[in-house]
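The values are calculated or read from the model by the stated rules, or taken from the named source; none is laboratory data. Owing to the predicted nature of the structure, the values given are computational and were not obtained by experimental measurement. For neighbour counting, all protein chains shown are included, and Cβ atoms are generated from backbone atoms with ideal geometry for every residue, glycine included.
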Amino acid sequence: MTFRHWRRAGLAAAFAGALLAACGEQRASPPGLSSGQVILVIEDAGATADPRLVSEGLYELHDVALDGALGLSRADLSAMSWRQIRADFPQGAEPRAFEGPRLSDVLAAAGHEGAGARLTAFDGYQAEVSAEMISRHEPILALRADGEPMSVGGLGPVMLVWPRLNQSSLSDMNDDLWAWGVFAIAPTDD
Ligand SMILES: Nc1nc2c(c(=O)[nH]1)N[C@H]1C(S)=C(S)[C@@H](COP(=O)(O)O)O[C@H]1N2
Ligand SMILES: [Mo]
């Protein structure tokens with residue numbers, strides 16, 4: 001499916017949600033967000049209870065706090081504005097075109113504008129990113145590399161990507177903050 005198709009799916013879901021609301025139905029998901037498979041959770045978002053978010057599996061294993069968490073589907077993330085970053089990963093590899101929403105925008109959508117973040121991946125790897133690093137470099141939560149969705153089991157569903165080839169202050173950056181296989185993000189104060 002192309003990026004455009006995903007966007008259309010997101011719009012269709014939003015439209016269906018508006019229809020449901022007009023008919024007086026209770027929405028299970030937060031306003032403006034589609035239903036569908038959750039691929040990324042943002043903790044502490046003040047969201048209403050989401051039946052898709054059950055504390056089991058890796059949520060439980062890695063202590064992801066689901067109370068008030070915001071569950072995002074691929075369509076939700078595709079409906080946001082995206083940035084493309086051409087970057088090398090691992091460091092020194094042939095550059096690829098990574099694409100996805102800015103981490104700052106995803107945090108803002110969860111009610112945490114200007115926050116820092118702790119990202120958790122399937123394997124329990126965690127990357128802590130300061131608010132200053134985020135606002136200065138605007139890393140993305142990449143969903144695609146060279147036009148293809150990043151596979152679950154590979155670098156997907158979501159990977160934190162930094163503009164180290166474009167910003168000279170990042171030219172020496174190692175791979176520590178390039179978390180792949182990310183499925184949960186906790187906003188932080190610093
Ligand atoms: N999910 C996850 N992301 C990760 C890591 C990891 O262990 N797990 N290691 C980081 C580090 S320290 C490096 S050097 C690169 C490459 O890690 P790899 O060699 O384990 O693929 O991914 C970064 N992102
Ligand atoms: Mo590393």
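Residues checked against (1) more than 25 Å from GLN37 (Cα to Cα); (2) away from ligand 2 (no atom under 16 Å from the Cβ):
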site: ALA97; (1), (2): yes, yes
site: GLY100; (1), (2): no, yes
site: LEU143; (1), (2): no, yes
site: GLU148; (1), (2): no, yes
site: VAL152; (1), (2): no, yes
site: VAL161; (1), (2): no, no
site: ARG164; (1), (2): yes, no
site: GLN167; (1), (2): yes, yes
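Could you tell me whether any residue of region 73-84 is in a loop (DSSP other than H, G, I, E, B), within 15 Å of PHE183 (Cα to Cα) and not aliphatic (A, V, I, L, M)?
Looking through region 73-84, none of the residues is in a loop (DSSP other than H, G, I, E, B), within 15 Å of PHE183 (Cα to Cα) and not aliphatic (A, V, I, L, M).
For the condition touching a Pro at 6+ places or on another chain (Cβ under 7 Å) and modelled with pLDDT of 95 or more, what is the one hit in LEU107, LEU72, LEU66?
LEU107
Which ones in region 151-161 are crowded, with 23+ Cβ neighbours inside 10 Å and assigned to a loop (DSSP other than H, G, I, E, B)?
Hits for region 151-161 are PRO157, VAL158.
Answer yes or no as to whether ASP190 is within 16 Å of ligand 2 (Cβ to nearest atom) and in contact (Cβ under 8 Å) with a residue 12 or more places away in the chain.
No.
Determine if region 88-95 includes at least one residue that is crowded, with 22+ Cβ neighbours inside 10 Å, in contact with a strand residue (DSSP E or B) (Cβ under 9 Å, 6 or more places away or on another chain) and in contact (Cβ under 8 Å) with a residue 40 or more places away in the chain.
No, every residue in region 88-95 fails to be crowded, with 22+ Cβ neighbours inside 10 Å, in contact with a strand residue (DSSP E or B) (Cβ under 9 Å, 6 or more places away or on another chain) and in contact (Cβ under 8 Å) with a residue 40 or more places away in the chain.
Results for (1) closer than 17 Å to LEU58 by Cβ; (2) away from ligand 1 (no atom under 13 Å from the Cβ); (3) in a strand (DSSP E or B), shown as yes or no for each residue.
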site	(1), (2), (3)
PRO101	no, yes, yes
GLU113	no, yes, no
MET133	no, yes, no
ARG136	no, yes, no
ASN166	no, yes, no
LEU177	no, no, no
PHE183	yes, no, yes
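Only one of LEU119, LEU143 is within 18 Å of TYR59 (Cβ to Cβ), surrounded by 18 or more Cβ atoms within 10 Å (Cβ to Cβ) and aliphatic (A, V, I, L, M). Can you tell me which?
Exactly one residue qualifies, and that residue is LEU119.
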